[in-house]
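Notes follow once the structure below has been shown.
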Amino acid sequence: MVILGAGLTGLAAAYHLRGPCVVAEREATVGGHARSVRRRGHTFDVTGHWLHLRDPRTRRLVADISPADAWVEVERRTAVHAHGALLPYPFQANLYGLPLAVVRECLVEFIAAREAAARGDRPAPRTFAEFAEARFGGGIARHFFVPYNRKLWGAAFDALDASWVDRYVPTPTVEQVVGGAIGIPQEGLGYNARFLYPRAGGIDALPRGLAAAIEARAPGTIRRGSPVEEVDVRGRRVKLAGEADWRPYSALISTLPLPELIARIPAAPPEIREAAAALRWIRWRYLDVATRAPVPADYHWVYVPSPALPFFRVGVYSNAVASMAPAGAASLYVELSDRDGPVDARAVAQGLVEVGALARADDLAFTELREIEYAYVVFDDDHGPATAALHRWLAAVGVRSCGRYGAWIYNSMEDSMIQGMEAAAWAEGQAVAATERRPA
Ligand SMILES: Cc1cc2nc3c(=O)[nH]c(=O)nc-3n(C[C@H](O)[C@H](O)[C@H](O)COP(=O)(O)OP(=O)(O)OC[C@H]3O[C@@H](n4cnc5c(N)ncnc54)[C@H](O)[C@@H]3O)c2cc1C
């Protein structure tokens, strides 16, 4: 069996497979988007990677691969910076502190949206912007959802449909919205009120723990620095860079981004190439930021909808787990709205002071600019038909494409590990079927 990619999906698949397998990973380290880097005593992830475990299978898995007491449970502290005020998250349930005219606008339009929903006389929302307006009213949409998501999604914002948001956007009751508007903080709303994080710092403890368990059982399973060059679905074999021979497989699990996988399958017919070409995603840039002084804010991350500030979200790793930075310093991530061009370091530093993430611009010790090529998949009108066609065809040629970018979805680390487990069960079923097909 061959697994392409040693992110959390590929590693969880390898961990759960009972038979031998090979995991081909392009990079020198495992972890994919759940990796960490360390610089001068500071640790940074690929922006915030906070672990939420709801499923007993993943709780067991994480416990099995981690040393005792390796994880801390943290009560989420999240804020929204809007109109110069720092509000508790989520915006829609914590309007108190905004200019009064804005609070009134948001409340009146929220109530109007609720009335319209009760009458059922509005067409179902099609776009994300329509969803926000129908669910929360025009005021909350205008002051938070639309500007924030425009910064995050860039040009793709207008193409977004409403299908993916429900699980991730908390919908408060009328009582919560009114309570939050008159100053009763509404905290703990939403799917991620608490999270787990490695006590010793760096989310890569999770993929590294998985890799160590896999390699303790079967050394040599993970081939680091082994990009997949080609997949021959007819011959059931893959070509890894640097290896003279093709590697045969009985079942292939791929966690590569879908367009990257299709590009490596010469046998993919034209309609499949067309479907892959219809897939859209956004990339973004972020800064690892190290400070030489403590930060004023106590939040773990803050949402920043204002178009005047050059970032849409800022997080402070060391506010969650102190070991992420040297004593008296802090480690931050800053997710930038601009996807290209030079970064205006002064504007970023001033913006960080404005949102309370720095006391003074001079507290910056160093920054490093990074890019995430595949950050979010774009759920537009083509997404459903294109992914359905691609998965149908891949299943027919014996390939399971899974994980966040393999399935081409929006998901969490926990979801990815579950996809890996399910892929392992599928691969074992394939191997049994192949044995049964073999003539006696
Ligand atoms: C900005 C951001 C923030 C996030 N925050 C959170 C969070 O707070 N909490 C949470 O639970 N989840 C979060 N996630 C989601 C989480 O990162 C993913 O669910 C998970 O890491 C996906 O794992 P994966 O194995 O499916 O994909 P990946 O991590 O992308 O792994 C795929 C692997 O394939 C490898 N690869 C690619 N091309 C090749 C090739 N040609 N040959 C060989 N190998 C190749 C890659 O190097 C990589 O290691 C976040 C994601 C992003 C982008």
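Each value in this text was obtained by applying a stated rule to the coordinates, not by laboratory testing. Here the structure is a predicted model, which is why all the values come from computation and not from measurement. Cβ: placed from backbone, ideal geometry, glycine included. Neighbour counts: every protein chain shown.
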Query raised in the report: How high is the FRET efficiency between Ala308 and Glu373 when r is their beta carbon distance and R₀ equals 41 Å, given to the nearest 0.05?
Result: 0.90
Query - Separation in nanometres of the label points that stand 7 Å from Cα toward Cβ, at Ala263 and Glu230 - result: 1.7
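Given all pairs of different Cα atoms, what value in angstroms does the Kirkwood hydrodynamic radius of the chain take? Intermediate results must be reported in sequence, preceding the final value.
Numbers: mean 1/r = 0.0428 Å⁻¹.
When all Cα pairs of the chain are included, the Kirkwood radius is 23.4 Å.
Name the chymotrypsin sites (Phe, Trp or Tyr not before Pro) in the range 388-420 that are in a loop by DSSP and that have at most 16 other C-beta atoms within 10 Å, would you? Show your work: numbers first, answer last.
Details: sites: Trp393, Tyr405, Trp408, Tyr410; in loops: Tyr405, Trp408, Tyr410.
Passing both the DSSP loop test and the Cβ count: Tyr410.
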Requested in this report: Within 10 Å of each residue's Cβ, count the other Cβ atoms and sort Thr291, Thr435, Thr255, Thr29 from fewest upward.
Outcome: Thr435, Thr29, Thr291, Thr255
Requested in this report: Evaluate E = 1/(1 + (r/R0)^6) for Asp298 and Arg339, where r is the Cβ-Cβ distance and R0 equals 41 Å; express this FRET efficiency to the nearest 0.05.
Outcome: 0.85
Report task. Per residue of the range 150-161, in order, report the coupling 6.51 cos²θ - 1.76 cosθ + 1.60 (Karplus, θ = phi - 60°) as ³J(HN,Hα) in whole Hz, putting x for Gly and Pro. Result -> 4, 5, 5, 8, x, 5, 6, 3, 5, 8, 5, 9
Requested in this report: Report, in debye and to the nearest 20, how large the dipole of the chain comes out about its Cα centre when Lys and Arg carry +1 and Asp and Glu carry -1 on their Cβ.
Outcome: 860
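Using only Cα atoms, figure out Rg for the range 192-236 and give it as a multiple of 2.2 N^0.38 Å.
1.74
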Query - From phi via Karplus (6.51, -1.76, 1.60), per-residue ³J(HN,Hα) for the range 93-98 in Hz, x at Gly/Pro - result: 10, 9, 7, 4, x, 7
Requested in this report: Return the long-range amide H neighbours of Glu229 (sequence gap of 5 or more, or a different chain), with a cut-off of under 5 Å between placed amide H atoms.
Outcome: Lys239, Leu240, Ala241
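Can you list the equivalent-ellipsoid semi-axes of the range 78-181, largest first and in whole Å, using the square root of 5 times each Cα gyration tensor eigenvalue?
Ellipsoid semi-axes (Å, largest first): 20, 18, 11.
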Report task. Note down the relative contact order for the chain as a percent, whole number, built from C-alpha pairs under 8 angstrom at least six residues apart. Result -> 25
Query raised in the report: Between Ala79, Ala159, Ala113, whose Cα lies farthest towards the positive end of the dipole of the range 78-181 when Lys and Arg beta carbons carry +1 and Asp and Glu beta carbons carry -1, centred on the Cα centre?
Result: Ala79
Query - Two-site label geometry, Glu175 and Arg38: point separation in nm, points 7 Å out along Cα→Cβ - result: 4.9
Report task. Would you please calculate the Kirkwood hydrodynamic radius of the range 171-318 over all C-alpha pairs and express it in Å, rounded to one decimal? Result -> 21.2
Requested in this report: Rounded to whole Hz and in sequence order, give me ³J(HN,Hα) for the range 214-225 from the Karplus expression 6.51 cos²θ - 1.76 cosθ + 1.60, θ = phi - 60°, writing x for Gly and Pro.
Outcome: 5, 6, 5, 7, 9, x, x, 5, 9, 9, 7, x
**Report entry** Cβ-derived FRET efficiency at R0 22 Å, Arg392 paired with Ala433, nearest 0.05
**Finding:** 0.75
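Just from its helices, what would the mean residue ellipticity at 222 nm be for the chain, if runs of 4 or more DSSP H residues each count -39500 (n - 2.57) and the sum is divided by every residue, rounded to the nearest 500 deg cm²/dmol? Present the calculation step by step, with values, prior to reporting the outcome.
On the way: 13 runs with 144 residues, N = 440.
Using -39500 (n - 2.57) per qualifying helix, the result is -10000 deg cm²/dmol.
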Report task. Considering the options Ala213, Ala263, Ala241, tell which one lies farthest towards the positive end of the dipole of the range 164-305, charges being +1 on Lys and Arg and -1 on Asp and Glu at the Cβ, about the Cα centre. Result -> Ala241
